[in-house]
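The values are calculated or read from the model by the stated rules, or taken from the named source; none is laboratory data. All values reported here derive from a predicted model rather than from experimental measurement.
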């Protein structure tokens with residue numbers, strides 16, 4: 001059965017209904033393909049974001065460790081300075 005005989009038998013309402021359904025199905029197919037592309041792009045973006053977040057976190061941890069070491073060194077130096085200043089001022093321990 002070709003399209004011309006189908007259109008003659010179904011009439012204008014049937015032809016428009018079939019055409020509308022075909023257009024609707026093509027539109028749904030296109031929308032689903034766009035969602036698929038968008039989800040793939042979002043997944044890639046999310047993995048890049050997590051990698052960057054992990055790098056920031058490791059940098060913060062490294063900085064925190066170095067800061068704690070520095071604070072210990074400063075504390076030890078200040079302790080020595082207090083002892084030296086105490087001896088200069090005549091305090092005996």
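A few remarks follow.
- Meets criteria (modelled with pLDDT of 90 or more and in a helix (DSSP H, G or I)) for residue 51: yes
- Checked against (1) modelled with pLDDT under 95; (2) within 30 Å of the chain's Cα centre (by Cα), residue 80 passes all but condition (2).
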